[in-house]
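Engineer: Got a structure here, written out as structure tokens. Questions coming.
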Amino acid sequence: MFHAWRFWLLIGLALYTSCTAGQATAPDKFPDVSQRAAAAFADNRLEDAARLYREAVKLRPDWDEGWGYLAASLFTMNKYAEARDAYRHTTLLTPKNGPSWAYLGFCEYELRNYRQAAEHLIKGQQLGLGDSRPLLSKVHYQLGMLYDTAGQFEIGAKELTFFTKIDDKTPAVIEAIGLNVLRMPVFPYEIPPAKHDLVMQAGVAGWNAYAHHVEDALKSYKELIAAYPNEPNLHYGYGFVLALSDQEAAVAELGKEIEISPGHVPAMIEAAFLCVEMGELEKSEQLARRALALEPKNYAPHNILGRVLMQTGHSEQGIKELETAVRLAPTVSAAHFNLAQAYQKAGRTSDAAREFATFKQLKTGQEGQNAASAQPQ
């Protein structure tokens with residue numbers, strides 16, 4: 001008796017054999033397509049390269065190099081949305097490749113997806129970017145701009161200081177540093193035309209300051225303040241440079257900044273710190289408390305106030321302030337150092353040992369906001 005299931009089994013086997021035979025005899029197009037794609041890319045025929053690489057990765061979806069060249073072709077043609085999608089594939093296939101993450105961030109920056117751009121540029125930095133100066137410069141520049149436009153000017157300055165190390169004084173760099181000095185949370189295309197000259201002059205002063213060319217920086221700031229005596233943030237920048245050689249003059253300059261900008265917490269913090277160094281504890285306490293009233297979650301004024309209170313015999317209150325500073329900024333080594341000293345002074349040796357150990361483990365240079373206001377003394 002003929003069974004229906006045997007019939008369908010035979011039909012299935014016949015179809016499977018037919019399909020696999022077709023696959024075995026079909027020519028492999030990948031070598032030819034990939035070679036033509038590489039030749040097009042080498043000849044700078046980017047449209048052809050993108051088309052051919054797109055065809056090649058369809059044939060071999062896990063070809064990470066092909067996705068990379070497809071992304072590079074599209075990026076070079078300023079096709080940032082398509083390049084972004086291709087770079088996403090490269091980051092999936094090579095998740096530990098720092099440059100792939102960086103270029104994904106570049107695409108997102110151009111598309112003004114700034115949150116994602118910052119996330120991916122930072123990831124690229126963490127994974128490592130090699131020693132390509134153009135790549136490193138682009139990452140530092142874009143991160144500097146992203147931190148500045150987010151109001152994180154101290155971190156932005158650290159990124160932009162990179163350019164002083166390679167002696168890069170190009171107009172775009174000077175412009176970016178000028179925005180940082182003036183603490184303007186805008187991108188270059190948003191600078192009001194009437195302010196562009198000021199931004200460029202501030203950039204020169206800032207470049208010299210970040211490069212530790214102190215005399216040149218002082219000269220630039222003097223000229224700027226003579227021309228723009230009431231411009232916000234210039235006296236702050238000038239005071240910061242003056243602090244390296246004349247603390248009293250620096251405090252006076254920071255006081256002028258606070259007069260112009262009554263809510264300028266960084267100026268209050270820096271002046272309070274310098275006053276501690278100069279032994280002007282009453283003035284330091286006033287400035288620290290004023291800063292705290294404006295930014296109660298900023299660790300720096302708690303740290304300074306705690307130090308002042310410890311020096312004026314108010315140990316219990318001082319320790320509370322220093323503990324608050326550590327809680328708000330657990331990665332700031334100076335805060336742990338100052339708390340350790342306070343514990344030691346109060347006879348709390350085990351607590352002091354713990355804080356000293358934490359201080360030693362933390363790296364300077366990863367200290368968060370306004371580290372100058374909280375150096376261990």
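Engineer: How big is the Cα convex hull of the chain in projection, averaged over all directions, in nm²?
Structural biologist: Values: hull surface 119.1 nm².
Taking the Cα atoms of the chain, their convex hull projects to 29.8 nm² on average.
Engineer: D246 accessible area, nearest 10 Å², 1.4 Å probe?
Structural biologist: 70 Å²
Engineer: Something else now. Treating the beta-carbon of each Lys and Arg as +1 and of each Asp and Glu as -1, no other charges, what is the dipole magnitude of the chain about its Cα centre, to the nearest 20 debye?
Structural biologist: Numbers: 37 positive and 44 negative charges, 282 e Å.
Here the size comes out at about 1360 debye.
Engineer: Using a 1.4 Å probe on the protein chains only, how many percent of the accessible area of the range 289-342 belongs to carbon and sulfur?
Structural biologist: Working: 1170 of 2240 Å².
Of all accessible area on the range 289-342, carbon and sulfur atoms account for 52 percent.
Engineer: Measure nothing fancy, just the Cα-based angle from helix 196-210's long axis to the longest principal axis of the chain, in degrees from 0 to 90, nearest 10.
Structural biologist: With both axes taken from Cα atoms, the answer is about 80 degrees.
Engineer: Now for a different question. At a 1.4 Å probe radius, carbon and sulfur cover how many percent of the accessible area of the range 93-226?
Structural biologist: Ligands and nucleic acids excluded, carbon and sulfur give 54 percent.
Engineer: Excluding ligands, DNA and RNA, what is the solvent-accessible area per residue of the chain at a probe of 1.4 Å, expressed in Å²? Walk me through the numbers before you get to the answer.
Structural biologist: Values: 19290 Å² over 377 residues.
With the other protein chains kept in place, the chain gives 51 Å² per residue.
Engineer: Please report, in Å, the Rg and the Dmax of the range 243-335, where both are computed over Cα atoms only.
Structural biologist: Just the Cα atoms of the range 243-335 yield Rg and Dmax of 12.7, 36 Å.
Engineer: Quote the accessible area belonging to R133 in square angstrom, nearest 10, computed with a 1.4 Å probe and with ligands, DNA and RNA left uncounted.
Structural biologist: Counting only protein heavy atoms, the figure is 140 Å².
Engineer: Each residue of the range 100-115 in turn: what ³J(HN,Hα) in whole Hz from Karplus with 6.51, -1.76, 1.60 and θ = phi - 60°, glycine and Pro shown as x?
Structural biologist: Ordered by residue, 3J(HN,Hα) equals 4, 5, 4, 5, 4, x, 4, 4, 5, 4, 5, 7, 6, 8, 6, 5 Hz.
Engineer: Cα atoms only: what Rg and Dmax, in Å, come out for the range 72-148?
Structural biologist: 11.2, 32
The values are calculated or read from the model by the stated rules, or taken from the named source; none is laboratory data. As the structure is a computational prediction, the values presented were derived from the model and not from experiment. When we count neighbours, we look across all protein chains shown, and the Cβ atoms used for this are built from the backbone with ideal geometry, even at glycine. SASA here: full protein model, heavy atoms, side chains in, ligands and nucleic acids out. Shrake-Rupley method; radii C 1.70, N 1.55, O 1.52, S 1.80 Å.
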